[in-house]
Structures are given as C-alpha cells and as structure tokens.
Amino acid sequence: MSVRLLAITPDALSLVSHAARTCYASTDRATPESDARLVASCIRRGHESVLEHASVTVEIECSRVVSHELVRQRIAAYSQRSQRYVKESEPNYFTPPEIEAHQPAWAVYIDAMENAWSAYADLLSRRVPCQIARYVLPNACLTTLVATWNLREVRHILRLRTAPDCQPEMQEIARGILAVVREAAPWAVEDVEC
Ligand SMILES: Cc1cc2nc3c(=O)[nH]c(=O)nc-3n(C[C@H](O)[C@H](O)[C@H](O)COP(=O)(O)OP(=O)(O)OC[C@H]3O[C@@H](n4cnc5c(N)ncnc54)[C@H](O)[C@@H]3O)c2cc1C
C-alpha cells in the first residue's frame, strides 16, 4: 500500500491565486504571502473553484477493493494496471491488519489466496487467456493506478475517504494522499484534518 506524488501543476499557488485575483481585478497585487492568504480566504468562504486550475498526479498501490472505490471519484483521470493484458504471475495481495491480528482467520485467508492463485495458474497453463482466468482472482489482489485530480477534487476525496466509517485501507490511502499533497501544496490542505 503506497501513495507517491508523480506531478503537480508548476507554481500551483501563483496560478490558483492569479485565478482568484482575476475575480477581484487584483492581479497586480500578487506576492507570495498575500497569495497564500488570498487562497486560504477563498477556501474558508467556499470559493473553491479556483483550486480546479491546479492538479496533482499520484501513483497508488492498493488492493482492488480500494481501487474500485477510488475510481468512483469522477472528476479525475485514471490509468490502472490491466488484468486483461498483464499476468498476475505471483500471488500479490493485500492482507488487512484486522486479519493478520486474528490467527485462525489469517490461516483461512492465506488458504483462500493460495487457492485463488493456484486456480489462476492452472487456467493459464490450460491456455485460458489472462482476461478470462482473472475471474478467479480475489478483491485483495494488489493493483497500481495513476490518478490525476484537481486540488478541489483532492479536498473532496479527503473529506469523504478519511471518515472513520470508510474502509480502513481506504482511510490509509487517503491519509497517504493527504501526506503527499501536504508536502507539495500545503496551502491547499491546511484546514484538512484526519
Ligand atoms: C463511506 C462511503 C460509503 C459508500 N458506499 C457506497 C455504496 O454502498 N454503494 C455505492 O454505489 N457507492 C458508495 N459510495 C460511493 C459514493 O456514493 C460516491 O459515488 C463516491 O464517493 C463519489 O463521490 P461523489 O459523487 O461525491 O464525488 P465525485 O465523483 O468525486 O464528484 C465530485 C463532485 O462533483 C459533483 N458531481 C460529479 N458528477 C456529478 C453528476 N453526474 N451530477 C451532479 N453532480 C456531480 C458532485 O457535487 C460530487 O460531489 C460510498 C462512498 C463513501 C465515502
């Protein structure tokens, strides 16, 4: 499970504040300090459309349980490792800590994973194409996806996906997204708590 920043709009704060200043005909008053104050004030007042001018691209490794949830966030571009074209040659799956902490359940879980991969390998050995053989693979299968969201959508995702009633792995991924955005554009998520 990981989140890695691949790209962010260059000079994102200046761009977003320029957009905001366009609304108030104050583009001639830009300074780094006042830009940050202006964007914080836009966020406080709900004038969040200005954040849509800047985007982040992240690479996420997670289970297919979580990737399925994540791609429901629609204001986005996604590219995900294909199980149609790429063989899942090795058992590569997420084990929830809740299972790891529960020894009898853990044995059942590992058994299910091994059986799934063994059936998958068996089907491939019988020349079943991987796009068909993949039907036996579990939701726990790890996947990699690249996601691009504008900063308004990032904030929306963080609001939804860090809530305590979300899938625990989803909350972890959301916290990973927050960490990389906090590093690259702290001003965009200053008020986000989780
Ligand atoms: C705790 C939790 C439980 C969930 N459980 C389920 C479940 O059981 N079953 C299920 O199917 N889904 C479930 N979801 C998914 C959820 O219903 C949303 O589909 C998903 O979170 C995307 O959210 P969104 O539509 O707000 O955001 P996005 O798709 O990221 O869109 C961002 C915003 O743009 C606007 N927008 C986007 N598209 C449209 C549109 N077509 N029309 C109008 N406005 C639009 C909305 O304001 C939206 O909030 C769950 C989500 C969470 C967080």
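The values are calculated or read from the model by the stated rules, or taken from the named source; none is laboratory data. Because the structure is predicted, anything quoted here is derived from the model rather than measured. Note that we place each Cβ from the backbone using ideal geometry, even for glycine, and neighbour counts take in every protein chain shown. When the accessible area is computed, the model is the full protein with side chains, heavy atoms only, and any ligands, DNA or RNA have been set aside. Shrake-Rupley method; radii C 1.70, N 1.55, O 1.52, S 1.80 Å.
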Checklist entry - If you wrap a convex hull around the C-alpha atoms of the chain and split its volume per residue, what is the figure in Å³? => result 118 Å³
Checklist entry - If you roll a 1.4 Å probe over the chain with all protein chains in place, what percent of the accessible area is carbon or sulfur? => result 52 percent
Next on the checklist: If each residue of separation counts as 0.36 nm, what is the full-extension length gain between residue 102 and residue 156 once their alpha-carbon separation is subtracted?
Outcome noted: 16.0 nm
Checklist entry - How long is the gain from residue 193 to residue 127 if the chain were fully straight, where each residue apart is worth 0.36 nm and the alpha carbon distance is subtracted? => result 18.7 nm
Next on the checklist: Keeping every protein chain present and rolling a 1.4 Å probe, give me the accessible area per residue for region 83-138 in Å².
Outcome noted: 69 Å²
Item to check | Loop-located trypsin sites (Lys or Arg not before Pro) in region 107-152, at most 14 other Cβ atoms within 10 Å (DSSP) | outcome: 126, 127
Checklist entry - Simple spin-label model, 7 Å along Cα-to-Cβ: residue 87 to residue 47 in nm? => result 5.8 nm
Item to check | Size-normalised alpha-carbon gyration radius of region 108-194, reference 2.2 N^0.38 Å | outcome: 1.54
Checklist entry - Taking Cα pairs under 8 Å and at least six residues apart, what relative contact order does the chain come out at, in percent? => result 32 percent
Checklist entry - Mean residue ellipticity at 222 nm from the helices of the chain, using -39,500 (n - 2.57) per DSSP H segment of n ≥ 4 over the full residue count, to the nearest 500 deg cm²/dmol? => result -14500 deg cm²/dmol
Checklist entry - For region 151-194, with every protein chain kept in place, what is the accessible area per residue (1.4 Å probe, Å²)? => result 49 Å²
